[in-house]
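Q: Quick one: the structure is below, questions incoming.
The values are calculated or read from the model by the stated rules, or taken from the named source; none is laboratory data. On a predicted model such as this, the values are computed, not experimentally measured, just so you know. Cβ atoms come from the backbone with ideal geometry, glycine included; neighbour counts cover every protein chain shown.
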Protein chains: 2
Amino acid sequence: MRADARRNRERILAAARTLFASERPEVQIDDVAREAGVGVGTVYRHFPDKQALMGELVKERFKIFNERMRRALDEGEEEPFEALASSIRDNAASVAEDAATRFALMSGGEAVFEHAGEEKDEFLRLARKLVLRARRAGELRPDFQAQDVPMVMCGVCATIDRRGAPWDWRRHLELVLSGMKDGASRR
Amino acid sequence: MRADARRNRERILAAARTLFASERPEVQIDDVAREAGVGVGTVYRHFPDKQALMGELVKERFKIFNERMRRALDEGEEEPFEALASSIRDNAASVAEDAATRFALMSGGEAVFEHAGEEKDEFLRLARKLVLRARRAGELRPDFQAQDVPMVMCGVCATIDRRGAPWDWRRHLELVLSGMKDGASRR
DNA sequence: ACCTGAACACCGTTCAAGT
DNA sequence: ACCTGAACACCGTTCAAGT
């Protein structure tokens, strides 16, 4: 890829991040192009449609999720449940700080997730390992599945900054984590 | 309101319910009008904009929520936590069966909820009573707030039929309910 | 009092012309 | 190879004309 093209691509992503995070009404591609200092056509050259642009944000976010979960696998040998719980806490916190990606995650359609397909698969593989390890240690509710990790994360994300409702997503997450613990090992 | 106007209003709502529930791409007001057998202008005469149309579905759903919670207040004297939990279970199940309202709840903006403002306030009042009673009985986690009722319902709703993900929202809800129980009284 | 649908406005996407 | 932005298409909303 030519150097100027690469630079434009980065500028478009940066503009999308800024605008998706700040604007109230639906952000337009024309706005993204203007903010990035390129023509609309250039946005479409790099991202076939709006969903693909949002998809790229989601893809990058999943990469960050996956890094955090790999670290949990490496470092959490002694406390398998806590390793899983902490990685979910940190991932939720990173989404909470990134309104642009949250917008993409929540309002994007199926295409957005397909764009991040590979990273999503890797996410599930890592979740499976963390879940199995915690289950073997007897710290996790036995019917908890690997797919339940993205499920509960989606549930918590849906309650971050929801239309001005005064919701406390951290308490929400702690409720869920406490529900995930095996009955015998609950505090 | 004239009889034909009332009939048109009902037809429009019925059409919206059918289309929001079945269509894949964003449903158009023109489609709703055609399905209802009226002109577009008639849709706009009854509902000032698309959000108001979705808002009406949400409003009616909140009325159903509130009926269920009033019943829980009347009948659940002996088992206050179970009364709260059952009403949440039933409300989630009723949303799960109603794809049109789920669409309105999830993809509608703030205006949709303002349209159901009064019912939403009543919902919070009922939630407060159910929560206080369960807390007094020592069955509920002491830091659980009345606002957490819509919060956890929103979280669970967000994971019903999400882009073909094979998620089990009933297990999700049971996780949350189990996290809501007071530590001392958990099974 | 209410209904109709052509017309308008807005925004996602394309493509002919340019470098 | 890549960029530009005018033009097109689609869909939410309005409003003049009708009953």
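Q: Go through the stretch A:13-42 and give me each residue that's within 9 Å of DNA strand D (Cβ to nearest atom) and closer than 26 Å to A:Ser94 by Cβ.
A: Pass one, the stretch A:13-42, residues within 9 Å of DNA strand D (Cβ to nearest atom): A:30, A:33-34, A:36-42.
The answer is A:Ala36, and nothing else.
Q: Let me ask another. Those residues that are crowded, with 20+ Cβ neighbours inside 10 Å and facing another protein chain (nearest Cβ under 7 Å), I need them from the stretch A:152-167; list them, please.
A: Within the stretch A:152-167, A:Val152, A:Gly155, A:Val156, A:Ala158, A:Thr159, A:Trp167 meet the criteria.
Q: Please report, ordered by residue number, the helices (runs of 4 or more DSSP H) entirely within the stretch A:1-58 with at least 2 residues that are within 23 Å of A:Ala96 (Cβ to Cβ). Even if it seems obvious, please write down each step before you answer.
A: Values: elements: A:3-22, A:29-36, A:40-46.
By residue number, A:3-22.
Q: So, of the residues in the stretch B:21-30 that are among the aliphatic types (A, V, I, L, M) and within 20 Å of B:Asn8 (Cβ to Cβ), which turns out to be nearest to DNA strand C (Cβ to nearest atom)?
A: The qualifying residue nearest to DNA strand C (Cβ to nearest atom) is B:Ile29.
Q: Which pairs have Cβ atoms under 9 Å, sit 6 or more apart or on different chains, and link a residue in the stretch A:170-187 that is within 18 Å of A:Asp148 (Cα to Cα) and at the interface with another protein chain (Cβ under 7 Å from one of its Cβ atoms) to one that is in a helix (DSSP H, G or I) and at pLDDT below 90?
A: The qualifying pairs are A:Ser178/B:Gly183.
Q: Restricting attention to the stretch B:103-113, does a residue exist that is in a helix (DSSP H, G or I), within 16 Å of DNA strand C (Cβ to nearest atom) and on the phi < 0 side of the Ramachandran plot?
A: Looking through the stretch B:103-113, at least one residue is in a helix (DSSP H, G or I), within 16 Å of DNA strand C (Cβ to nearest atom) and on the phi < 0 side of the Ramachandran plot.
Q: For the stretch A:31-45, indicate whether the set of residues that are touching a residue at least 24 places away in the same chain (Cβ under 8 Å), within 16 Å of DNA strand C (Cβ to nearest atom), more than 23 Å from B:Gly108 (Cβ to Cβ) and touching a Leu at 6+ places or on another chain (Cβ under 9 Å) is non-empty.
A: There is at least one residue in the stretch A:31-45 that is touching a residue at least 24 places away in the same chain (Cβ under 8 Å), within 16 Å of DNA strand C (Cβ to nearest atom), more than 23 Å from B:Gly108 (Cβ to Cβ) and touching a Leu at 6+ places or on another chain (Cβ under 9 Å).
Q: Just to be sure I understand the filter: pairs with C-beta atoms under 7 Å, separated by 6 or more residues or on different chains, first member in the stretch A:6-30 and among the basic types (Lys, Arg), second member within 15 Å of DNA strand D (Cβ to nearest atom). Which pairs pass?
A: From residues that are among the basic types (Lys, Arg), the pairs are A:Arg9/A:His46; A:Arg11/A:Ala36; A:Arg11/A:Gly37; A:Arg11/A:Val38.
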